[in-house]
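Rule-based calculations on the coordinates, nothing more; no lab input. This is a predicted model, so every value here is computed, not measured. Quick reminder, even Gly has a Cβ in these numbers, built from the backbone with ideal geometry, and neighbours come from all protein chains shown.
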Amino acid sequence: MKVIGVTRDDDGPQLLERERPSPDPGEALVRTLRVGVDGTDHEVLNGSHGGFPDGADHMVLGHEAVGVVEEPNGTGLEAGQVVAPTVRRKPDGETNEYFRRGEPDMAPDGEYTERGIVGDHGFMAEYFTSPADFLVPVPESVAEYGFLVEPLSITEKANEHAYATREPFDWRPESACVLGNGSLGLLTLWMLEQEYDRTYCVGRRDRPDPTVDIIDEIGGTYVDSRETPVDELPEAHEAMDYIYEATGFAPHAFQTVKALDQNGVGVLLGIPEPWEFEVDGGSLHNEIVLHNKCLIGTVNSHVSHFEDAVETLQELPDWLLDDLVTTVTDPEHVEAAFEDGDDQIKAVVEFDSL
Ligand code: NDP
Ligand code: ZN
């Protein structure tokens, strides 16, 4: 079967041939429909994030997938059922307390593999196997966009964890700001626009730009961080009740504290490389304490977040799906999915259709 992988000698995606996998007990065989590409895949390709499976000379890419159950293999799934796979796994037969509790997304670094990211082959293949428990049903009506369930699930988890910190009091948020106009930021902006009176999205691009057009269409206010640094949001616009960081730009983590309104919460998603810069730690500490602010981090997601994401996917308007997906390519022309110009928002590799 055809797979898209990265080898130790190349930093671009390669079309490779591999044997079709057979499911172990408890696993189903899935025929892949589509696999999305995001910032993490680029980081895996350039070697700044993730790592190869032990002893392998290549890794199959891809962690945002949708497929159809080909062989249920006695798992209780039905042949023809559309599913989206979660990402974290343990190598054969191993487990740990986080997996036993059904919370692998809370496992510490090193206690898991991630398919297509760290230590395990991904889903950019004509077929893949997965434990049935990690395959979340997706309605056929949204199968075409089922590769968005994984990125949406990241935000479902982030929102759940952030809001949980505000549960002890009568929090009445009105304003939310997304930092970053990549695919994760734009999907999140749409989700927050459904909940908040006023939304903002921070980027660093000149108009006209397709991502800024999407921000306008969603109804958010575009903020250019070159003119308005994140910590000046309160003066330029307003202090924010909720901030969702999806830039990976490390100073934003600290500027977020200043940009929050009292009692606000900021959630950090970006995964920056080491980067030293000056911050006024005293003021940050003071600001968090005296204004009951909260800053949390979150990574990955699991089955319940995927289930929430399936609901959200069904609500996304057609225009947003059309505008967000800028490239759909077959495995033979996979380079198109990894081109990284300002016109590229979400690229997809299509292996098959329903
Ligand atoms: P992208 O790289 O597509 O998006 C990042 C966006 O942030 C880009 O549009 C970029 O603008 C913008 N940006 C970067 N720096 C600045 C700045 N200083 N001011 C304004 N805008 C800026 O990534 P994704 O959307 O796929 O993901 C977003 C982040 O979330 C990444 O860091 C990724 O690693 C992380 N992530 C984390 C996950 C988790 O579980 N914690 C899961 C998935 C992703 P431009 O394009 O113009 O440079
Ligand atoms: Zn991702």
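Tell me, please, whether a residue that is surrounded by fewer than 18 Cβ atoms within 10 Å (Cβ to Cβ), farther than 24 Å from THR86 by Cα and of a type in the set (A, V, I, L, M) can be found in region 296-314. No, because not a single residue in region 296-314 is surrounded by fewer than 18 Cβ atoms within 10 Å (Cβ to Cβ), farther than 24 Å from THR86 by Cα and of a type in the set (A, V, I, L, M).
Going through VAL202, VAL149 one at a time, which residue ends up being in a strand (DSSP E or B), touching a residue at least 40 places away in the same chain (Cβ under 8 Å) and either within 26 Å of HIS42 (Cα to Cα) or of a type in the set (Val, Ile, Thr) (or both)?
Numbers: VAL149 fails: in a strand (DSSP E or B).
Residue meeting the stated conditions: VAL202.
Residues of region 199-252 that are within 16 Å of ligand 2 (Cβ to nearest atom), in contact with a helix residue (DSSP H, G or I) (Cβ under 6 Å, 6 or more places away or on another chain) and not hydrophobic (A, V, I, L, M, F, W, C): TYR244, GLU245.
Residue pairs whose Cβ atoms lie under 8 Å apart, separated by 6 or more positions or on different chains, with the first residue in region 209-233 and in contact (Cβ under 8 Å) with a residue 40 or more places away in the chain and the second within 16 Å of ligand 2 (Cβ to nearest atom) and assigned to a helix (DSSP H, G or I), are THR211/LEU186; ILE214/LEU186; ILE214/LEU324; ILE218/LEU186.
How many residues does region 269-289 hold that are among the hydrophobic types (A, V, I, L, M, F, W, C) and under 19 Å from PRO234 (Cβ atoms)? Steps first, answer last, please.
Taking region 269-289 and keeping what is among the hydrophobic types (A, V, I, L, M, F, W, C), we get 269, 271, 275, 277, 279, 284, 288-289.
Narrowing the set further to residues that are under 19 Å from PRO234 (Cβ atoms) leaves 279, 284, 288-289.
Within region 269-289, residues that are among the hydrophobic types (A, V, I, L, M, F, W, C) and under 19 Å from PRO234 (Cβ atoms) number 4.
Here THR75, THR95 are screened, and the one residue that is in a loop (DSSP other than H, G, I, E, B), out of contact with any Leu (no Cβ under 9 Å at 6 or more places or on another chain) and more than 16 Å from ligand 1 (Cβ to nearest atom) is THR95. Selection of region 150-170 for residues being of a type outside the set (Asp, Glu) and within 16 Å of ligand 2 (Cβ to nearest atom) yields PRO151, LEU152, SER153, ILE154, THR155, LYS157, ALA158.
Within region 14-44, how many residues turn out to be within 16 Å of ligand 2 (Cβ to nearest atom) and not aliphatic (A, V, I, L, M)? Step through it out loud before you land on a result.
Looking only at region 14-44, we keep the residues that are within 16 Å of ligand 2 (Cβ to nearest atom), and these are 34-44.
Add one more test, that the residue is not aliphatic (A, V, I, L, M), and what stays is 34, 36, 38-43.
Final tally of qualifying residues: 8.
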